[in-house]
Amino acid sequence: MDINKNCFISWSGGKDSCLALYKALEQVYNPKKLLTMFSMENGISSAHRLKKEIIKAQAGAVGIECSIGEALFNDYEEVFVTHLKLFKEQGIDYGIFGDIDLDEHKQWEDRVCKRASIAAVLPLWQKDRKELVREFLNAGFKAKIAVVNTTMLDSRFLGQDLSFSLMEEIEAYGADVCGENGEYHTVVYDGPIFKKPVDLKFGTEIIPVAEMWAQIEVSI
């Protein structure tokens, strides 16, 4: 039996990777690194569109070292695997991911981890989406919606704190409460794994991104 259970967390800055870390700690995994991938094209994190200083501030508040990967779109997987191979050399044998039920994501995670002789662990896998959001909130985590897909959710949801009442509003709008289909992305700023809240500043201007996304500015 592996008594160390050293792991890295695939960290987006949002609620699912945060809850995956929380549950991994409950399962006595020993997190050594938060790995976040950034686009070399625009210098922000994939999907959640966060700046490096946000991720670094989260890592500091949680007390786990962050590792920054930077890649062009076509090099994403190779850069990711390079980081995993370095982790393996440092005694990290597990990777924690926050995916819930998208098979293609799990297949990718299994594949890249296997290339580095690391085991992929998905603590949220096949759990009920709505129940996971409830668990996140009941645990005391706090997160704001920072990005929305405007074809699936109204931009008025930007900047709102995830809450039980907001869950009902999202559901009434016809969107997935968990945002697992890409309806929205969050940034977590407090909760039981945080030694202190992350003092984030949120802009009020709605910023269009390409044809179907909108975001607000998140800064330190």
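List of remarks:
- Distance between the pseudo-spin-label points of residue 173 and residue 219 (7 Å out from Cα toward the beta carbon): 2.5 nm.
- Residues of segment 171-220: accessible area per residue with a 1.4 Å probe, Å²: 53
- Net charge over other residues, Cβ less than 15 angstrom from the Cβ of residue 66 (K, R count +1; D, E count -1): +3
- Here the Karplus relation 6.51 cos²θ - 1.76 cosθ + 1.60, evaluated at θ = phi - 60°, turns the backbone of segment 179-191 into coupling constants of x, 5, 8, x, 4, 7, 10, 10, 10, 8, 10, 6, x Hz, with x for every Gly and Pro.
- For segment 26-93: rounded, prolate or oblate by the Cα gyration tensor [a/c cutoff 1.5]: oblate
- Counting protein heavy atoms only, segment 10-125 has 49 percent of its accessible area on carbon and sulfur, 1.4 angstrom probe.
- Among residues other than residue 50 with Cβ under 12 Å from its Cβ, the summed charge is +3 (Lys and Arg +1, Asp and Glu -1).
- Alpha carbon centroid spacing (whole Å) that separates segment 73-97 from segment 126-204: 28
- Separation of the residue 26 and residue 117 label points, Cα + 7 Å toward Cβ, nm: 3.3
- Antiparallel %, DSSP beta bridges [both residues in the chain], to 5: 45
- Cβ-placed point charges (K, R +1; D, E -1), dipole of the chain about Cα centre in debye, nearest 20: 840
- Cβ-defined net charge surrounding residue 151, 12 Å radius [Lys, Arg +1; Asp, Glu -1]: -3
- Selected from 191, 210, 152, residue furthest toward positive end of dipole (segment 152-220; charges at beta carbon): 191
- Set 114/201; 51/195; 23/56; 88/201; 88/130; 15/88 screened for pairs whose C-alpha atoms are more than 32 Å apart: 114/201; 88/201; 88/130
- With the simple model of a label 7 Å out from the Cα in the direction of the Cβ, residue 39 to residue 201 spans 2.4 nm.
- Total charge dipole magnitude, segment 138-220, about the Cα centre, Cβ charges on Lys, Arg, Asp, Glu only, Debye to nearest 20: 460
- Calculated mean residue ellipticity at 222 nm for the chain: -9500 deg cm²/dmol, from DSSP H runs with n ≥ 4 weighted as -39500 (n - 2.57), summed, divided by the residue count and rounded to 500.
- Surface exposure of segment 1-119, expressed per residue as accessible area with a 1.4 Å probe, stands at 47 Å².
- Computed from backbone phi with θ = phi - 60° and the Karplus coefficients 6.51, -1.76 and 1.60, the 3J(HN,Hα) list for segment 38-51 is 10, 7, 6, 5, 10, x, 10, 6, 5, 6, 7, 6, 9, 7 Hz; x is used for glycine and proline.
- Computed from the Cβ-Cβ distance with R0 of 41 Å, the FRET efficiency linking residue 131 to residue 79 stands at 0.75.
The values are calculated or read from the model by the stated rules, or taken from the named source; none is laboratory data. Just so we're clear, the structure is a prediction, and the values are computed from it rather than from any experiment. As a convention, Cβ positions derive from the backbone with ideal geometry for all residues, glycine included, and neighbour counts pool all protein chains shown. Protein only, heavy atoms only, side chains kept; ligands, DNA and RNA dropped before computing areas. Shrake-Rupley method; radii C 1.70, N 1.55, O 1.52, S 1.80 Å.
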